[in-house]
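Working notes, structure below.
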Amino acid sequence: MRQAILSLPDVRSCSVEMAPDGGISAIHIVSSSKRPPKQIVRDVESLLHANFGMSVDHRKVSVARVREREEKPAERPARARLATMTVSSTRGMGTVEVVLERDDATVTGEASGVFAGGGCLRLIAEAAYDAVAKLLSGQAGFEVHDVVRVKCGEREVLVVLANLALEQEVISLAGCVVVGDDLHRAAALAALDSCNRVVETLPQVERIEYEINPSE
């Protein structure tokens, strides 16, 4: 009888107390919160009558409802987003500043060096990685290996290759972006594309806010 009751929808556990005369003294049921207790009691009455030829007073059937714990889907960590970028050059030398945002944190990465021979795109990638490293509070270091422009059919793709040095391992990174109207922006986005999945698993720098109370 107990096993039959357990087969009813939303019944998680139950116990049946029998009277000395062979009748049912009490039925205690624990159910999930999906169905009303009255409906479960009616199901029990119908089950006992159909399967066992027994009748039970509905007042002898008690139902305790247990609210099931809702599992919330894991939140995907925010990725670093390119906010702004500044590129300046003088006499073949240049400086790049890349500003990234992640949640409430904003950081600026910098790089400077020779612009000639693809040096500009390399500096942009280095500045983007410098900003990412700051987001990670110095947990990781980046080294740009190469920045390559590749022709794919009628489109051009910018590929950034780099190494990510963590405490106990070095990870090879590769990121790519289809080049649109802004080659410089593509270089920064390709660098972010190469490391965003890894960065998602690492804690970012914490914002520390200070409140200064005016002197009385």
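The values are calculated or read from the model by the stated rules, or taken from the named source; none is laboratory data. Just so we're clear, the structure is a prediction, and the values are computed from it rather than from any experiment. Note: ideal-geometry Cβ built from the backbone for every residue, glycine included; neighbour counts use all protein chains shown.
Can you find even one residue in the range 176-190 that is crowded, with 19+ Cβ neighbours inside 10 Å, under 21 Å from the mean Cα position of the chain (by Cα) and outside any strand (DSSP E or B)?
yes
Restricted to the range 100-118, and to residues that are aliphatic (A, V, I, L, M) and either in contact with a helix residue (DSSP H, G or I) (Cβ under 7 Å, 6 or more places away or on another chain) or in a loop (DSSP other than H, G, I, E, B) (or both), which residue is farthest from L192 (Cα to Cα)?
Looking at the filtered set, the residue picked out is A116.
Does E156 meet the test of being surrounded by 13 or more Cβ atoms within 10 Å (Cβ to Cβ) and either on the phi > 0 side of the Ramachandran plot or without any contact (Cβ under 8 Å) to a residue 24 or more places away in the chain (or both)?
yes
Hey, any hits in the range 77-100 for a residue that's more than 16 Å from H184 (Cβ to Cβ), among the charged types (D, E, K, R) and either crowded, with 18+ Cβ neighbours inside 10 Å or at pLDDT 80 or above (or both)?
Among the residues of the range 77-100, at least one is more than 16 Å from H184 (Cβ to Cβ), among the charged types (D, E, K, R) and either crowded, with 18+ Cβ neighbours inside 10 Å or at pLDDT 80 or above (or both), which makes the answer yes.
Are there any pairs, at least 6 apart or on different chains, whose C-beta atoms fall under 7 Å, with the first in the range 127-141 and touching a residue at least 60 places away in the same chain (Cβ under 8 Å) and the second of a type in the set (G, A, S) and in a loop (DSSP other than H, G, I, E, B), and if so, which?
Hits for this filter: V132/A80; L135/A80.
Scanning the range 1-22 for residues that are among the hydrophobic types (A, V, I, L, M, F, W, C) and touching a helix residue (DSSP H, G or I) at 6+ places or on another chain (Cβ under 7 Å), which turns out nearest to P37 (Cα to Cα)?
Of everything passing the filter in the range 1-22, V11 is nearest to P37 (Cα to Cα).
Which of the numbered conditions does G175 fail, given that it passes all the others? Conditions: (1) under 20 Å from G94 (Cα atoms); (2) among the small types (G, A, S); (3) without any contact (Cβ under 8 Å) to a residue 24 or more places away in the chain.
Evaluating G175 over (1) under 20 Å from G94 (Cα atoms); (2) among the small types (G, A, S); (3) without any contact (Cβ under 8 Å) to a residue 24 or more places away in the chain leaves (1) as the failure.
Report, by residue number, each residue of the range 119-143 that is at pLDDT 90 or above and in a strand (DSSP E or B).
Selection gives F142, E143.
Does V147 count as hydrophobic (A, V, I, L, M, F, W, C) and part of a strand (DSSP E or B)?
Yes: the conditions hold for V147.
Examine the range 64-71 for a residue that is within 38 Å of the chain's Cα centre (by Cα) and modelled with pLDDT of 90 or more, and state whether such a residue exists.
no
Based on what the data block shows, is G109 closer than 19 Å to A186 by Cβ and buried (at least 16 other Cβ atoms within 10 Å of the Cβ)?
Yes; evaluated as a whole, the condition is true for this residue.
How about the range 7-52: which of its residues are part of a loop (DSSP other than H, G, I, E, B), small (G, A, S) and more than 44 Å from the chain's Cα centre (by Cα)?
If the condition is that a residue be part of a loop (DSSP other than H, G, I, E, B), small (G, A, S) and more than 44 Å from the chain's Cα centre (by Cα), then A19, G22, G23 are the ones that fit.
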